Structure formats: structure tokens, C-alpha cells
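S.K.: First the structure, which I've put down as C-alpha cells, then a few questions once you've had a look.
Only the coordinates and a few stated rules stand behind these numbers; no lab work does. Quantities reported herein were computed from a predicted structural model and do not represent experimental measurements. In this analysis, Cβ positions are derived from the backbone assuming ideal geometry, glycine residues included, and neighbour counts consider all displayed protein chains.
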Amino acid sequence: MNHEDCNANDIYKNHNPNDRAPLIGVCTIIGNDVSNQNGEDLGTIKEVMLDTTNGKVCYAVLSFGGIFGIGNKLFAVPWNALKLNAEKKHFVLNMDKDRLNYMPGFDKDNWPDITTCF
């Protein structure tokens with residue numbers, strides 16, 4: 001299976017919001033929108049990073065700002081900081097949009113050296 005075979009809407013089918021979070025494939029997460037608790041757009045998930053020694057999801061790479069991928073900043077967001085909003089079909093991050101404007105991110109050619117989960 002590759003990302004063309006993934007249907008992001010599949011993660012939301014038959015999901016009862018009162019249930020535990022559904023198990024979902026990584027490829028269905030990439031490209032999902034992220035907003036804050038006020039509904040402001042914070043960007044999209046560009047990658048999900050796994051710790052292959054223990055099988056845990058460590059962080060998601062959030063792409064913020066820019067136009068068509070130019071001038072955007074990337075942020076390593078701890079996985080447990082993201083909450084799935086199945087009703088609105090996106091993830092929520094408790095972060096002020098203005099704060100992201102001023103935070104240093106990283107670019108696609110200069111990833112941070114993160115060797116363990118947050």
C-alpha cells in the first residue's frame with residue numbers, strides 16, 4: 001500500500017467520539033489539517049516520526065505558513081500534543097497561531113537532531 005491507496009476519510013467512518021481514539025494508518029494522517037482550539041488554521045501534518053526501537057509515535061512534523069510550500073516552517077510537535085477531532089476531520093493543537101509565527105522552526109533540508117521521543 002502507498003499513500004495513493006490511503007483514504008483519510010476512512011479514519012472517521014463509524015468513529016464514536018466517546019470511544020477511545022481509533023487505530024489509523026500513518027498514511028491517513030499525513031496531509032491532515034491542524035487547527036488550534038479557536039479554529040484557526042495552523043497548517044498540515046507533513047510527516048509522522050516513529051521510534052523503531054519501541055514502536056512509539058514520537059512526533060508529527062507540522063508545516064506552517066508559506067505559500068505552496070515556499071517559505072513555510074516545519075515544527076516537531078510531540079504526538080501527545082495533537083488531539084483528533086473526528087467530527088471536523090482534523091487534528092487540534094493547543095497553540096496560539098501568533099506564537100507559531102515567532103517560533104523558530106526548521107526547513108526541509110535542516111531537520112533537528114531528535115533521537116528520542118519528547
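S.K.: Could you name the lysines in cross-link range of LYS108, using Cα to Cα under 28 Å and dropping any fewer than eight places away on the same chain?
M.R.: Here the lysines satisfying the reach criterion relative to LYS108 are LYS46, LYS56, LYS73, LYS83, LYS89, LYS97.
S.K.: Please rank MET95, MET103, MET49, fewest neighbouring Cβ atoms within 10 Å first, as an exposure proxy.
M.R.: Ordered by Cβ neighbours within 10 Å, fewest first: MET103, MET49, MET95.
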